[in-house]
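The structure appears below as structure tokens.
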Amino acid sequence: MPILEYLSYGFIQRAIITGAFISVLCSTLGVLLVLRRLSLIGDGLAHVTFGSVALGLLFGVYPIYISLPVVMASSLGILKLMERARIFGDAAIGILSAIGIAGGVMIASLAGGFNVDLFSYLFGNILSISIQEVYTSIVLSLIVLTVIVFNYHDIFSITFDEEFAKAGGVNTQKLNTMIVLFTAITVVLTMKVVGIMLTSALLIFPAVTAFQIARSFKNALLMAGAVALASVVIGIFLSLFFNLPTGASIVIVNAAFFGVAFIFKHTLRSGHD
Amino acid sequence: MLFRKIVVACAVLCCVVGISCQKADNTPSTGETHKIRVVASLFPLYDFIKNVGKDRVAVELLLTPGVEPHSFEPKPADVLNLHHADVFVYTNKYMEPWVADIIKGIDNNKTLILDSSKGIVFINNEDEDHEGGHHEKEHGHAGMDPHIWLDLGNAVVMVDTIRDGLTQKDPAGKEYYQKNAEQYKAVLKDLDDKFRQGLSKCTKRTFINGGHLAFGYLAKRYGLTYVSAYGFSPDAEPTPGQLVKISRLLKEQGLKYIFYEELLAPRVAETLARETGAQLLFLHGAHNISKEEFGKGVSFAGLMEKNLENLEQGLQCR
Amino acid sequence: MPVKLVNIENLSYRYNSIDVLSDISCDIVAGEYIGLVGPNGSGKSTLIKLMLGLLVPTSGSVKLFGHPPAAMKYRERIGYLPQKMNFFNPYFPSTVKEIVSLGLVSKKKFPKRIGDSDEATIDRTLEMLNIADIKDKAIGDLSGGQQQRVFIARALVNDPELLLLDEPTTALDPETRENFFEILRRLNRDKKVTVVLVTHDTGTIGKYASKLLYIDKEIVFFGDFDEFCMSGDMTKFFGPSSQHLICHRHGMNILTVKQRPNND
């Protein structure tokens, strides 16, 4: 039975385990981000990461040491701009995104090229995960998810109605900062592990799929996590059986889930307006 | 207040444009007036031209050291440079698909444009019984392997093409170029012999590259089987099926080594190594070199010799 | 000794070079039922937000339960109903019960679990507002009036001492409105809950409120409703006929009487 044989390969095992943790992590953060109109923050921060890695390579410093602080700072910048005016949230993302990518290209050009292709350095691949990356992903996921669970009601409150939350004594500043920084860290680390395509997709798709069907906030979070997990497992097996690129397969499965949910919502519930 | 800001911004913009225009015009002069200016797109051509043209030419490498060649796109300054060159040599239309557009704008009477693949037979990956890699449609023609320079027999033909091109532009140097070309071809032939000998007694006949499908020509010339994780361009993701196939192959054939290449993060090679316990060895595809290598003045022949060493180790020839 | 729940002194608020509030001084004493009225853009919502620390004063001071709002103390004693338009996304996946339970969060300490007794409290509040039967429905599936009742429930669920309600009745039908005012009246009279209710409807509020706080950037009037009717300032401000209409409870909205430019 080919499945068992495939599962005996270390890289496939690592893909499944890491994929599972990362998918639940990204989908959970994704629910919060999409509801706050920050859906493209994953993409935006990835572009900033690109620029910061170029910077790191330029100075001969291990890029993650530059990326993490730069990206975290950028995410705080986006938050600040959002506080000014809600509509500037996505404009802020766009601005930082463009600066990040252009900066990276500029630096790479001026530096005359690096010893390693910037793109290949930057973007991980779910099939080439190392043991350290497995550990990092698991630890990151557990930390972020635990914090979210322990602050569930506060986070729900600020996501639903930040003003009311603040009036009720919730420390909105602290929580917003925390969510945004978690997002920054997640983007940088998971990008390196599974690549930006997958990180971005997992931040958006499961959440939006869940919103088609879930009626409560709790169910939205659970459903997003379930969809994300399923898409990773199904995507990996599909790519195994049909010899397709794995990352892209997972994204397509995500899209399929969304399609099904969308149709489900609009046919079965067409009575409602 | 706003109006003033706009005026200042425009002034700054003009200065910037002015300066960069200046820079573009001050393209490096040849120094001595009788040297012909040659621009080579890739490193192997650069090295060949240097060896054939020697003192009569001033060669420039279009691709800056360290840049990954399959995703290279020329900047305006590069294009301008080509317009000012006497000769422009590119590898072949599959390796540099962007050449087609640039050529249209160049005055053929001023700049001689050389396609180094003249007279060379391409390996069409779809015809060959070739394992590994899925075909990238990136280079405009499905399945044509653009890495012709890694076959030392092709390299000799390319040297001749260059010699003829330089002679055409600079007839006075005809004998000079002829002599240099013969000398360099001898070096290449010598290298070729070393390869043939060195690789004839290998216990393994298959080598695996965790990067892209670059070494097809080399493999074909010495009767080796070559498998790579990616297709012609390193952009694509390898499928899990491929990785499984390669892992199996490594185990079945008892291969202890797996190769990785220049300018590409060796993630896939590392993954395969991890899976099978194989060790990593470096193979230089000679598309382009790093900044350090350029600083040290490495040569194509030098790179190939190192490749031979590593192949001999990897294929357990000694 | 009447307890001052809110103490405001010389409060001014400026935003984008516009004076929204100018030199406001007043106290809100426990047990009062205050109608906070004034034309559009007069600063009513801003005043509420300043009290809650959602905005920072440009000058002057605010004290909530004796502390500056930034200290975030005693928030479990407050029930807040924000003005609806500002924030609400009807597609937010959330049930009525979940939203109402958010009103209890201020009472909780880490890790803030909603327990069985909380469930009972929530159910009671939902019953009070006649929305118990839709407690598991998604907020987006409800009518405007039902949604508003959910938010009212959220403000009431934690049994607050001080209610700050910003235009609570705009989306409600007359029957629900009656019911709502009845609830407030009982809370104020029987449980001594202090109510500050922002509204456009000066006439209606006159029936319930003990005091009227009329704001138009500054305090135009703050006092008993009956004083309002006798006040010379008000006569000067609105003209004699308007007062007659309002004070004789004809139910006319003061704004339709005096032509005020729309300051939005």
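Let me confirm something: among A:126, A:93, A:78, which residue is at pLDDT 75 or above and within 14 Å of chain B (Cβ to nearest Cβ)? Break it down into steps so the answer makes sense when it comes.
Details: A:93 fails: within 14 Å of chain B (Cβ to nearest Cβ); A:78 fails: within 14 Å of chain B (Cβ to nearest Cβ).
Every option except A:126 fails the conditions.
Of the conditions (1) more than 13 Å from every other protein chain (Cβ to nearest Cβ); (2) among the hydrophobic types (A, V, I, L, M, F, W, C); (3) within 30 Å of residue A:65 (Cβ to Cβ), residue A:194 fails just one. Which one is it?
Here residue A:194 meets the rest and fails (1).
For region A:220-234, check the following and say yes or no: at least one residue is surrounded by fewer than 22 Cβ atoms within 10 Å (Cβ to Cβ) and either within 10 Å of the chain's Cα centre (by Cα) or outside any helix (DSSP H, G or I) (or both).
The answer is no; no qualifying residue exists.
For region A:35-46, give me each residue that is surrounded by 24 or more Cβ atoms within 10 Å (Cβ to Cβ) and assigned to a helix (DSSP H, G or I).
Filtering region A:35-46 for residues surrounded by 24 or more Cβ atoms within 10 Å (Cβ to Cβ) gives A:38, A:41-42, A:44-46.
Residues satisfying the conditions are A:41, A:42, A:44, A:45, A:46.
Return only the number of the condition from (1) part of a helix (DSSP H, G or I); (2) under 24 Å from residue C:186 (Cα atoms); (3) not aromatic (Phe, Trp, Tyr) that residue C:130 does not satisfy.
(1)
Quick one: would you say residue A:170 is of a type in the set (Val, Ile, Thr), within 14 Å of another protein chain (Cβ to nearest Cβ), outside any helix (DSSP H, G or I) and buried (at least 19 other Cβ atoms within 10 Å of the Cβ)?
Working: of a type in the set (Val, Ile, Thr): yes; within 14 Å of another protein chain (Cβ to nearest Cβ): yes; outside any helix (DSSP H, G or I): yes; buried (at least 19 other Cβ atoms within 10 Å of the Cβ): yes.
Yes: the conditions hold for residue A:170.
Read through the list (1) away from chain B (no Cβ under 14 Å); (2) at pLDDT 90 or above; (3) surrounded by 19 or more Cβ atoms within 10 Å (Cβ to Cβ), then give the number of the only condition that residue A:14 fails.
Looking at each condition in turn, residue A:14 falls short on (1).
Residue by residue, here is whether (1) at pLDDT below 95; (2) in a loop (DSSP other than H, G, I, E, B); (3) not hydrophobic (A, V, I, L, M, F, W, C) holds:
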site: B:39; (1), (2), (3): yes, no, no
site: B:50; (1), (2), (3): yes, no, yes
site: B:58; (1), (2), (3): yes, no, no
site: B:70; (1), (2), (3): yes, no, yes
site: B:73; (1), (2), (3): yes, yes, yes
site: B:77; (1), (2), (3): yes, no, no
site: B:80; (1), (2), (3): yes, no, no
site: B:83; (1), (2), (3): yes, no, yes
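Residues are listed down the side, and each one gets a yes or a no for (1) farther than 12 Å from residue B:210 by Cα; (2) modelled with pLDDT of 90 or more:
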{"site": "B:259", "(1), (2)": "no, yes"}
{"site": "B:264", "(1), (2)": "no, no"}
{"site": "B:267", "(1), (2)": "no, no"}
{"site": "B:278", "(1), (2)": "no, yes"}
{"site": "B:284", "(1), (2)": "yes, yes"}
{"site": "B:289", "(1), (2)": "yes, no"}
{"site": "B:293", "(1), (2)": "yes, no"}
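Which is of a type in the set (Gly, Ala, Ser) and more than 29 Å from residue C:18 (Cα to Cα), of C:43, C:115? Lay out the reasoning, then the answer.
Working: C:43 fails: more than 29 Å from residue C:18 (Cα to Cα).
So the residue among C:43, C:115 that is of a type in the set (Gly, Ala, Ser) and more than 29 Å from residue C:18 (Cα to Cα) is C:115.
Say whether the condition of being surrounded by fewer than 18 Cβ atoms within 10 Å (Cβ to Cβ), over 13 Å from residue C:35 (Cβ atoms) and modelled with pLDDT of 85 or more is met by at least one residue in region C:195-218.
Checked against the condition, which is being surrounded by fewer than 18 Cβ atoms within 10 Å (Cβ to Cβ), over 13 Å from residue C:35 (Cβ atoms) and modelled with pLDDT of 85 or more, region C:195-218 yields at least one hit.
Anything in region A:208-219 that is part of a helix (DSSP H, G or I) and of a type in the set (Ser, Thr, Tyr)? List them, or say none. I'd like the intermediate steps shown before the answer.
Filtering region A:208-219 down to residues part of a helix (DSSP H, G or I) leaves A:208-213, A:217-219.
Within region A:208-219, just A:209 meets the criteria.
Check off (1) more than 13 Å from every other protein chain (Cβ to nearest Cβ); (2) assigned to a loop (DSSP other than H, G, I, E, B); (3) touching a Phe, Trp or Tyr at 6+ places or on another chain (Cβ under 8 Å) for residue B:204 and give me the number that stays unchecked.
Among (1) more than 13 Å from every other protein chain (Cβ to nearest Cβ); (2) assigned to a loop (DSSP other than H, G, I, E, B); (3) touching a Phe, Trp or Tyr at 6+ places or on another chain (Cβ under 8 Å), residue B:204 violates only (3).
Conditions (1) surrounded by fewer than 20 Cβ atoms within 10 Å (Cβ to Cβ); (2) within 26 Å of residue B:66 (Cβ to Cβ); (3) not aliphatic (A, V, I, L, M), marked per residue:
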position: B:230; (1), (2), (3): no, yes, yes
position: B:243; (1), (2), (3): no, no, no
position: B:253; (1), (2), (3): yes, no, yes
position: B:260; (1), (2), (3): no, yes, yes
position: B:286; (1), (2), (3): no, yes, no
position: B:309; (1), (2), (3): yes, yes, yes
position: B:314; (1), (2), (3): no, yes, yes
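Quick check on region C:30-46: of everything there that is at pLDDT 90 or above and under 18 Å from residue C:205 (Cα atoms), which residue is surrounded by the most Cβ atoms within 10 Å (Cβ to Cβ)? Explain how you work it out, then say what you get.
Let us first name the residues in region C:30-46 that are at pLDDT 90 or above, namely C:30-36, C:44-46.
So of that shortlist, the ones also under 18 Å from residue C:205 (Cα atoms) come out as C:31-36, C:44-45.
Details: C:31: 17, C:32: 20, C:33: 21, C:34: 21, C:35: 24, C:36: 28, C:44: 25, C:45: 19.
That would be C:36.
Check region C:143-150 and report whether any residue there is more than 11 Å from chain A (Cβ to nearest Cβ), assigned to a loop (DSSP other than H, G, I, E, B), out of contact with any Gly (no Cβ under 7 Å at 6 or more places or on another chain) and surrounded by fewer than 23 Cβ atoms within 10 Å (Cβ to Cβ). Working first, answer last.
Going residue by residue through region C:143-150, those that are more than 11 Å from chain A (Cβ to nearest Cβ) are C:144-150.
Checking which are assigned to a loop (DSSP other than H, G, I, E, B) leaves us with none.
Among the residues of region C:143-150, not one is more than 11 Å from chain A (Cβ to nearest Cβ), assigned to a loop (DSSP other than H, G, I, E, B), out of contact with any Gly (no Cβ under 7 Å at 6 or more places or on another chain) and surrounded by fewer than 23 Cβ atoms within 10 Å (Cβ to Cβ), which makes the answer no.
Which fully enclosed strands (runs of 3 or more DSSP E) of region C:27-86 have 3 or more residues being within 14 Å of chain A (Cβ to nearest Cβ)? Step through it out loud before you land on a result.
On the way: elements: C:33-37, C:59-64, C:78-81.
Correct list: C:78-81.
Can you find a residue that is under 20 Å from the mean Cα position of the chain (by Cα) and without any contact (Cβ under 8 Å) to a residue 24 or more places away in the chain anywhere in region C:57-66?
There is no residue in region C:57-66 that is under 20 Å from the mean Cα position of the chain (by Cα) and without any contact (Cβ under 8 Å) to a residue 24 or more places away in the chain.
Kindly indicate whether any position in region B:263-281 is within 14 Å of another protein chain (Cβ to nearest Cβ), surrounded by 23 or more Cβ atoms within 10 Å (Cβ to Cβ) and on the phi > 0 side of the Ramachandran plot.
Yes; the residues of region B:263-281 include at least one that is within 14 Å of another protein chain (Cβ to nearest Cβ), surrounded by 23 or more Cβ atoms within 10 Å (Cβ to Cβ) and on the phi > 0 side of the Ramachandran plot.
Name the residues in region B:62-99 that are within 14 Å of chain A (Cβ to nearest Cβ) and not hydrophobic (A, V, I, L, M, F, W, C), would you?
Let us first name the residues in region B:62-99 that are within 14 Å of chain A (Cβ to nearest Cβ), namely B:62-78.
Those that are within 14 Å of chain A (Cβ to nearest Cβ) and not hydrophobic (A, V, I, L, M, F, W, C): B:64, B:65, B:66, B:68, B:69, B:70, B:71, B:73, B:74, B:75, B:76, B:78.
The values are calculated or read from the model by the stated rules, or taken from the named source; none is laboratory data. Small disclaimer: the values here were computed from a predicted structure and weren't measured. Heads up, the Cβs are rebuilt from the backbone with ideal geometry, glycines too, and the neighbour counts pull from every protein chain shown.
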